[in-house]
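J.: Before I ask anything, let me first share the structure, which is written out below as C-alpha cells.
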Amino acid sequence: FQVQVIQSTHYSNYIQAELTCRSSCRLSDSASYSWYKNGHEIYTGKSSYSSNFNYGDSYSCAVTGYEDFSSLPVCEFSSQYSPKSSSVSVSTSGEIEEGSSVTLTCSSDANPEANYTWYKSTGLKFISGGRQLVFKSIQSSDSEYYYCTAENELGKRTSDYTSINVKLVQGQNGWGVTYTSTHICALKGSTVEINCNYRYPSRVNNVDTAVDETIWFTKLSNNEPVDLRTDSEYAGRVQYHCDKNDCTLRITDLRERDSAEYKFRFTTNQPGGKYTGSPGVTLTVTDLQVQVIGATACKAHTCGLKCHSSCHLDDRPSYVWYKNGQKIIEQTSSFYLGYFYPADSYSCALKGHEMFSSPSLCLNVIFSPSDAHSMPSVSVSPSGEIIEGSSVTLTCSSDVNPAAKYTWYKKNVNPDLQPLSKEPQLVFSSIQSSDSGEYYCTAENQLGKKTSEYIFIDVKYAPKFPSVSVSPSAEIVEGSSVNLTCSSDANPAANYTWYKENEDSPKASGQIFTITDVRPEHSGNYYCEAQNRRGRHNSTLHLIVLKVAYRMPFVSVSPSSEIIEGSSVTLTCSSDDKPESNYTWYKKNLNPDLQPLSKEPQLVFSSVQSSDSGEYYCTAVDQRGKRLSENISIDVKYAPKLPSVSVSPSGEIVEGSSVTLNCSSDANPAANYTWYKENKDSPKASGQIFTITDVRPEHSGNYSCEAQNRIGRHNSTLHLTVVKDAPKLPSVSVRPSAEIVEGSSVTLTCSSDANPAANYTWYKKNVNLDLQPLSKEPQLVFSSIQSSDSGEYYCTAENQLGKRTSEYIFIDVKYAPKLPSVSVSPSAEIVEGSSVTLTCSSDANPAASYTWYKGNQKLLSGQEGKYNFLSISSEDSGIYYCKSENQYGQINSTSLFIDVWYAPKLPSVSVSPSAEIVEGSSVTLTCSSDANPAANYTWYKENEDSPKASGQIFTITDVRPEHSGNYYCEAQNRRGRQYSTLHLAVAAGAWKAIVTGTTTAVLLAIILFVVFLFIIKKWPFKQSSEPGKIVANRNEGQPEDQDDIYYASVKFSNNQADAIYSNVGPARLHRHEVEEEAVEYAAVKFTSVPRTSDQETEEDPAALYSTVNKTR
C-alpha cells in the first residue's frame, strides 16, 4: 500500500490536503480502509481521507482486517497530479530532407513523472515508448502526423498532432513526379484537392516527347491502374484539372472509405514512356467526435472537451461548439473548457463546414460537493420560533453527482469532530435549551467533500429558578446602602419584580433592587419574580433576610483643611445616642494592646507633628453595647527635612566615567529636588538623581541639593573630585624615522595621556622572558645601535589608576656584511670527478650578494653564495675565497684551500747517464708521477717477484751484464696506482764488441724493421694482459687515453766488440696487475766507422730515435 497526496494547500500552521490509499493491485469496491495518524487509528472508511493536517504529523493506511500490513507513513504533503499538458518539439525547425537525423521530444508537467508513448495518426499506430522518438536516417515513408501521450498512475494526457514532411525528389534521368503534400487530412463530407507536378525529357532519341494520358488511381486491376474517373465508388465526385506539367485531383463529398494512397501516372509517346509517382499522397478522411479529456465522465470545473479527428487537419482550422444544438463559441483551439451540467449535449464542427458537425455527446457530469456552485444548504423545521420540548428537524442537501453522504456536527462542541448524525436529517424529538447553538453539515462523495454554512438554533424557554444575592454580604448598617440582585436563565431574557414578604404591592422592578438609606424598618424577607412570554418563576424558597444594625459613631477633624506640622488639630467623636455614650480614641496599628489616647469625645493635638500622621478611630459605649467608628486619616504636611546626599560610585571618580549624585529628603508632600554647583546661579539639574555621564576634571567642585515643597525648603552639599583615567594607549615613535644604520644613534619615545602622569617602561619582545625592563624612562636610547638590537619593542605606561601596553614597534637595523663563513661540501677529502659545492654566507641587512674568486680570477656572482663543481678535476685545486657585499659595505672571507685528490698519472721514467751504459759504471733510474697525495714508488725487474728498490730513484752502482733487462716503476697512493717500463742494456768490454759488432748490428736492424712494419699495420693497438700480445683497450681507471712508448738510445764506444740490443717483448709483471704499461726501448745504431789505434770513443753521428706516442 502507498499513501498518495491527491491535492494539497499549504497554510502557515496547517496543510489542507486529500490523501488516498492506493494498492498495486485492484481491491474490492467494498473494501474498508483504516487511517492512522502518528501510528494511532483516526478513521475507518473509504480509501480517501481529507482533513487539515499539522506539520510534522505522519499518516499511513491499511485495509481493514489487514492492519499489520499498513503503508509506509507519509510526512510530506507535496501534491501529486496527472500530466497537466503534453507537447511535441522537433529537433530541426527547417526543411526535413530524406536521410537526415530527426528527433521528436515529448514533454509534460506531472507528479509523479509521466511515461511517454508515441503514435502515428494513421490508424493510431503505436510506434515507440520513451520521451524521445529518434529517426537516425529519416525516409519519405516516415512523412506522417505524430503525437505522444504522457501518463502516470493519476491520469493521461495526449499531445496535439505534429506534422513531419520529408522532402523527396522523385524520378531520374529527367522523369519524375513531385506531390505538393504527401499527407492530407480532410473532413468527411468536405472537398479535397491533391496536387502534383510532373516532368519528363523533352526529346528522346531525337523524338519530341508528348504526354498522351494522365490519370489518378488508388488501386490496380490486372496490374494496371484504375482511373478514378471510371471507379464507381467515385462516380460524380472526381475531377481532374491538368495544365502543362501540373495536375490536380479534386474529390468532393468525401467519405471515410476514400482514405487511401493516391498516385499520379502519365503516359507519353516514347517507348516505355510511362511514369508513376510513388510513393503517392496519403489521404485520411476523418469524422469529428467530441471526447471528454482524460476521463469517461466529466467532473465539473476540471472537465474539458476536445473536438477530435483521427488525423491532423491542415491550415489550423477554426472550431464551432454547440450546446444542446445551439452555437456557444467559435475558436481556433480544438479544446473547450467550461462548466457542465448533467443532461447537456455538446457537438462540434469546423468553421465553413458547419453542416458536417460531430455527433452530439451527452455528458455524464459528476460533481463533488466542492465542485458545486454553492456549499451544502441547511434548513430547519419548524421554521418559526423553537420552543423547548418541541420536535425540531435539521436537513442538509447538496446538488452533487454521485449522491453525497451527509454528516452533522455542532460547532465548538466536538473538538474531535465526533458526528451527531450521519444522515441528511438531524432530529431533536424534544429539544432542550442546551441544544441551542450553531450546527453545520458536510456533504461528501468519492469526488470530494464540502462543508455547509452554520445554522443557529435558538431554543426559547421560560425562566429557570432565579438566583438572588445581597451586597454587601456582611452586616448591613443603618444609614448604609444595600443592593439586592436577581438572575435567572431564560430565553427570551426575563423581566424581574421585587416583593417583600406579607406585602402585596411590589417593592421594585428590575434585576437589581437598591435601598440607599437603610433603616431598621427595612428588615425582613424579600423575594424576586422572573418572567418572560414563555412563563415565570420566583425565589420564594430563597428569601433574603435583611438585618439592620445601629449607626456607628461619627468622627470629624478640625480644621477640615490641610493639616500643617505645628498647628493645632482636634478630632471629635459623636453619635445621636440618647443618653450620651462614653467615648474612647485609638490610633490604628499603634496600640496593639489598645491603650487609649483619650477618653474624651475630643482628641486634641496642640502642635501636631509629622509622626502623628495615621488612622484614628473612636468607640461609643452605651447600654446597647460598644460600637466602632470608621477610620479617619490624619495627613500632616511638613517641609523637607535635611536632605541626605550621596555619590555613586563612592570611590575615586575617574575622568571619562559616569557618576550619579543622589538626594533624598523626608517631606510631605514629596519634595522637588534641584541641583546646584557652587558659585553657579543656574541649576545644574532637577530631580532626585543627577547623573554626569562623561566626567571631566572641570566637573570637580561642591554640589548642593535643594529639597522643596509648598511648606518649605532645605538643602545639603557634597564635594566631587574628579581624577583622570588610567593611561591611554601609549604611542611609540622612533627617531630618526628614516633608515636605521648600524652604529648610528636611535631613540625610541613612549608617551601617553595620563593623570596622574604615567611611569614608562621599555621591553623587547621575546627577549626578556622574565620581563626585565630595558629602560624605565620615556625614552630608550641606543647611542650606537647594533644589528643585534633589531627586533620588536614595546612600552608600558602606568599610574595608580592602571597600566596600558603600547603596540609593537619594529627596529630594523641595516648593516654591512659580517665576515663571511665559507664551507665546502663534502667536508671530507675531495676526490677528482666528484661533485663539490662551495658555500659562502654572511650576516647582513639587507641580504648580501656573493662573488667567488680563485686567486684573482672571478668565478661567479649571485645571491645564493654557492659555487658548484659538477665534476671536480685536479686543475681545480687551489685557494678560493668569497666576497660578501651590500650597499653598506663589503668584506672578503678567509681563504679556503681546495685540495683535489687523485690517483697517480702515468709515471715518467728516465735513466742517467743517458749515454751508453758501460759495465762496471753506475746508473740511476728515476721515476716521477703527478699524484695527490704524493705517490710512493717501487721498482721491479721483469720476471722477478721481489721489488728491486723503493723510492723515486733506483741506483745501480756497479753495473753488470746481468743488470740488463726490463725495469718498471710503480707509482701508488690510496687513490690508485700506475706503471711505466724501461729497458736497460749494459754494454760489454771492447774485446767482445769487435767479435760480435757487425753481426749484431745487422740482426738488430732487421728486427727493428720488422717491428716498425708490425706497428704500422696494427695501429691503433691495445696491449693484452698476456705477455707478448697487443690489446685494443686499456684497463679502466687509466688516467690518460694513450699508449706511451719510450725509446732510449744507448751509445756504444768504438772499442766495443759486442752489440747490445733491447728486448722488444714487454716485461712480465709478477707482483701487481698492470693497468697500463709504457715500455721504453733502447735503440742501438751501428755505424761503420774505422777504429783508431788509440781506441778513442767517438760520438755516433747516427740520429737518436725520439719517443713515439700514439694518440687515440
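J.: Report the normalised scattering of region 377-416 as log10 I(q)/I(0) at q = 0.33 Å⁻¹, calculated by the Debye formula with identical scatterers on the alpha carbons.
T.: -1.10
J.: Does region 369-460 come out rounded, prolate or oblate, given a ≥ b ≥ c as the square roots of the eigenvalues of its C-alpha gyration tensor, rounded meaning a/c under 1.5 and, failing that, prolate meaning a/b above b/c?
T.: prolate
J.: How much length, in nm to one decimal, is gained on full extension between residue 250 and residue 680, taken as 0.36 nm per residue of separation minus their Cα-Cα distance?
T.: 142.7 nm
J.: Sticking with this one: What FRET efficiency comes out for the pair residue 333/residue 438, r = Cβ-Cβ distance, R0 = 35 Å, nearest 0.05?
T.: With R0 = 35 Å, the Cβ-Cβ based efficiency is 0.15.
J.: Please order 735, 536 by the number of other Cβ within 10 Å, starting at the fewest.
T.: Ordered by Cβ neighbours within 10 Å, fewest first: 735, 536.
J.: Moving on. Suppose the chain between residue 231 and residue 957 were pulled fully straight at 0.36 nm per residue; how much longer would it get relative to their current alpha carbon spacing?
T.: 246.4 nm
J.: If neighbour count is taken as other Cβ atoms inside 10 Å, put 375, 355 in order from fewest to most.
T.: 355, 375
J.: How would you rank 422-433, 835-846, highest first, on the average number of other Cβ atoms within 10 Å across their residues?
T.: Answer by packing, highest mean first, reads 835-846, 422-433.
J.: Could you work out how much longer the chain between residue 540 and residue 502 gets when fully extended? Use 0.36 nm per residue separation minus the Cα distance between them, nm to one decimal.
T.: Gain in length upon complete extension: 12.5 nm.
J.: Between residue 946 and residue 523, what is the label-to-label distance in nm when each label sits 7 Å out along the Cα-to-Cβ direction?
T.: Taking the two extended label points, one gets 17.3 nm.
J.: Oh, and also: Counting other beta carbons within 10 Å of each Cβ, put 362, 196 in order, fewest first.
T.: 362, 196
J.: Can you tell me the FRET efficiency between residue 837 and residue 128 if r is taken as the Cβ-Cβ distance and R0 is 51 Å, rounded to the nearest 0.05?
T.: Computed FRET efficiency for residue 837 and residue 128: 0.10.
Coordinate-derived values only; no laboratory data. Please read all numbers here as calculations on a predicted model, not as lab measurements. Positions of Cβ are generated from backbone atoms using ideal geometry, with glycine treated the same way; all protein chains shown enter the neighbour counts.
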